[in-house]
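Asker: Mind looking over this structure? Questions follow.
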Amino acid sequence: MKARMTREHRFSWPVRRLALLGLAGVAVFGAAIIALHLTGSGVDWTSDYVSDLANQPFGWLFMVGAFVHGWGNLALTLALRGALRPGPLRTWSVLLFGLAAVGILLAALFPIEAPGQAPNLPGQIHRGAASLAFALELAALFVFSAAFRRQLDWRRQRAASLVLSAIAATAVTAFVIAIQLDIAPGLAERVALAVFLVWEVWACLQVIRPQQKPEPDLKHSYP
């Protein structure tokens, strides 16, 4: 006879709640970007950067979405910290991911200057924070993948994380090349950003969802 299976959560409710906040942050940010594109913002999604949405009539929506995303990633940082056993890899992965989240918050607080305007201090802060966030989060994804290999609860998820990390590295490399060659940099940025968002959603779901475990066979138990 097949063993009866039961579903139970691997992690405590406070940890799962933080992951839910992270998932909400991604959802708000994604919804803001989609809404701005659907409203005909005038931003060319192949050549203009996502940050240019902040200078459109409803640009505040992008800034709010990015700000919520940054806080959501900080919540996910704490969720992953609580879901992993202590160790050097956990420390580095959490640190890198948390710093990337701070970069997102800074990029949200300091919008880029409008097209045609001379570069200003807020725009420079935005570009520096956004670039740093991309690099730090990419590094965090690979360190998390290495950390998962040493964690019993995460060992099965390592392959998926590593694949997404490799795709993210490819997308970021393509983005840098697109900027240098001025060939569809906006599209390349959106692809790279989408891969990061997919990893974040995936990580949140790993923390939130329950896993199946066999029920104890009471018929064959002994006092």
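Asker: In a shell of Cβ-Cβ distance under 11 Å around ALA100, excluding ALA100 itself, what net charge do Lys and Arg (+1) and Asp and Glu (-1) give?
Answerer: -2
Asker: May I pose another question? Compare TRP13, TRP202 by solvent-accessible area with a 1.4 Å probe and give them largest first, with all protein chains kept in place.
Answerer: Largest to smallest exposure gives the sequence TRP13, TRP202.
Asker: I'd like to check one number: the per residue accessible area of the stretch 10-209, probe 1.4 Å, reported in Å² as a whole number.
Answerer: Accessible area per residue: 48 Å².
Asker: How would ASP48, ASP153 line up by accessible area, probe 1.4 Å, largest first?
Answerer: Descending order: ASP153, ASP48.
Asker: Sorted by mean Cβ packing within 10 Å, highest first, what order do the peptides 64-74, 84-94 take?
Answerer: Ranked from most to least packed, the peptides come out as 64-74, 84-94.
Asker: What 222 nm value per residue comes from the helices of the chain, counting each DSSP H run with n ≥ 4 as -39,500 (n - 2.57) and dividing by all residues, nearest 500 deg cm²/dmol?
Answerer: -24000 deg cm²/dmol
Asker: Heads up, I need the accessible area for GLU113: 1.4 angstrom probe, whole protein in place, Å², nearest 10.
Answerer: 20
Asker: Another question, if that's okay. Within 10 Å, count the other beta carbons around each residue, average over each peptide in 182-194, 117-129, and list them highest first.
Answerer: 182-194, 117-129
Asker: Kindly express, to the nearest 10 degrees and within the range 0 to 90, the angle between helix 59-83's C-alpha long axis and the longest C-alpha principal axis of the chain.
Answerer: Taking Cα atoms only, the helix is inclined about 30 degrees.
Asker: Express the carbon and sulfur contribution to the solvent-accessible surface of the chain as a percent, rounded to the nearest whole number, probe 1.4 angstrom.
Answerer: 68
Asker: Follow-up question, since we're still on this one. Kindly identify the stretch 89-192 as rounded, prolate or oblate by the Cα gyration tensor criterion: order the square roots of the eigenvalues as a ≥ b ≥ c, call it rounded if a/c is under 1.5, otherwise compare a/b with b/c, prolate if a/b is larger, else oblate.
Answerer: Cα axes put the stretch 89-192 in the oblate bin.
Asker: Right, next: For the stretch 10-209, what relative contact order do you get, as a whole percent, if you take Cα pairs closer than 8 Å and at least 6 residues apart?
Answerer: Reported relative contact order: 27 percent.
Asker: A further question on this structure: What shape does the stretch 1-122 have by the C-alpha gyration tensor, where a ≥ b ≥ c are the square roots of the eigenvalues, rounded means a/c under 1.5, and otherwise prolate means a/b greater than b/c and oblate the rest?
Answerer: prolate
Asker: How would the stretch 10-209 be classified by its alpha-carbon gyration tensor: rounded, prolate or oblate, with rounded meaning a/c under 1.5 and the a/b versus b/c comparison settling the rest?
Answerer: Because a/c hits 1.5 or more and a/b exceeds b/c, the stretch 10-209 counts as prolate.
The values are calculated or read from the model by the stated rules, or taken from the named source; none is laboratory data. Computed from a predicted model, the values in this text were never measured in an experiment. Neighbour counts run over all protein chains shown; Cβ positions are idealised from the backbone, glycine included. Accessible surface is based on the protein model in full, side chains and every heavy atom, while ligands, DNA and RNA are left aside. Shrake-Rupley method; radii C 1.70, N 1.55, O 1.52, S 1.80 Å.
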